[in-house]
Amino acid sequence: MEKTFKAALFDLDGVVFDTEPQYTEFWGAQCREFHPEKPHLERDIKGQTLVQIYNRYFAGELEAVRPIITKRLNEFEQQMEFVYVAGFESFMADLKASGVYTAVVTSSNNRKMEAVYGKHPEFKQMFDAILTAEDFERSKPDPDCYLKAALRFGAASSECIVFEDSFNGLKSGRAAKMKVIGLATTNPAEAIGPYCDMVVDDYTVLDCSKCKALL
C-alpha cells in the first residue's frame with residue numbers, strides 16, 4: 001500500500017529563514033558580557049528556547065539581567081533580516097501543487113512572528129497553519145509541538161515529515177515518530193546526521209517525490 005505524504009512541518013529559524021548567523025551575533029554579545037568565563041557559549045545554546053537558556057545560564061544572581069536581555073532581544077528581532085533558505089519558496093510551491101499540508105512549528109513567540117509578517121506580508125498565506133510558542137505546553141525536544149501540528153491536519157506521524165536544524169528540534173521530530181530532514185544551516189551535516197533520515201544544505205536539492213520516498 002502506497003504511503004501518503006500528508007504534512008510537511010517546518011521549524012522557523014535556520015529552516016525557513018537563514019537567521020542563525022544573526023542570532024549567533026546577538027547571543028555572542030550577551031554571553032561575552034554576562035558569561036565571559038564561558039567562551040563560545042552562543043554555540044552551545046543554539047536551538048534552545050529563551051526559557052531553556054534562562055533556566056540554564058541565567059539563573060541565581062544572573063536572573064536579574066533577564067529583563068535586560070529580553071528587551072534587547074525584542075528590539076533585535078524587530079530589526080532582523082528574514083531571508084528564505086535557498087530554494088524554499090520553490091519547494092513550498094511544489095508541496096502545495098502536490099496537495100501536501102504545510103505548517104510552521106516554532107518556539108518563537110507571537111511578537112517575533114509579527115516582525116516576520118511585517119517583512120514578509122505573504123508569509124501567512126504560504127502555510128496552512130502557524131504554530132508558535134503560545135500553542136505548546138512543552139518545548140522541543142519534547143514531541144508535543146509536532147504532534148499538535150499533525151493533529152491540525154488529521155495526519156498520522158507516519159504521514160508527516162519534519163524539517164529541522166537544531167539538535168532539540170531534530171530530537172523532537174524523532175520523538176514524534178516522524179521522518180526528519182535536517183538542514184545543515186546551523187550545525188555541520190556530520191553532527192546532525194545521526195538524528196535525521198536525510199541531511200541537506202538547502203531546498204534546491206529537494207522536491208515532493210524525494211520526500212515521499214522517505215516514508
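The values are calculated or read from the model by the stated rules, or taken from the named source; none is laboratory data. It should be emphasised that the depicted structure is a prediction, and the values quoted were computed from it without experimental measurement. Glycine also receives a Cβ, built like all others from the backbone with ideal geometry; neighbour counts cover every protein chain displayed. Only protein heavy atoms, including side chains, enter the accessible area calculation; ligands, DNA and RNA are left aside. Shrake-Rupley method; radii C 1.70, N 1.55, O 1.52, S 1.80 Å.
Of note:
- GNM top mover of Leu62, Leu95, Leu73 - the chain, alpha-carbon springs below 10 Å: Leu62
- An oblate overall shape is assigned to region 86-151, the ratio a/c of its alpha-carbon gyration tensor axes (a ≥ b ≥ c) being 1.5 or greater and a/b not exceeding b/c.
- Stretchable slack from Glu37 to Arg56, in nm (0.36 nm times residue separation minus alpha-carbon distance): 5.3 nm
- Stokes-Einstein D in µm²/s, Kirkwood radius over Cα pairs - region 9-102 at 10 °C with 1.306 mPa s viscosity: 105
- Across Lys119/Lys140; Lys38/Lys148; Lys38/Lys177; Lys3/Lys119; Lys38/Lys179; Lys112/Lys179, pairs whose alpha-carbon gap is larger than 32 Å: Lys38/Lys148; Lys38/Lys177; Lys3/Lys119; Lys38/Lys179
- Listed residue (Cys160, Gln78, Gln52) projecting farthest to the positive dipole end of the chain, Cβ model: Cys160
- On full extension, the segment bounded by Val65 and Lys212 gains 48.3 nm, given 0.36 nm per residue less the C-alpha separation.
- Amide H contacts under 5 Å for Lys179, placed H, 5+ residues apart: Cys160, Val162
- Where the Cα pairs of the chain fall when distances are cut into 5 Å bins, in %: 1, 7, 15, 20, 20, 17, 10, 6, 3, 1, 0, 0
- Probe 1.4 Å, accessible area per residue of the chain, Å²: 48
- Of the solvent-accessible surface of the chain, computed with a 1.4 Å probe over protein heavy atoms with every protein chain present, carbon and sulfur atoms account for 51 percent.
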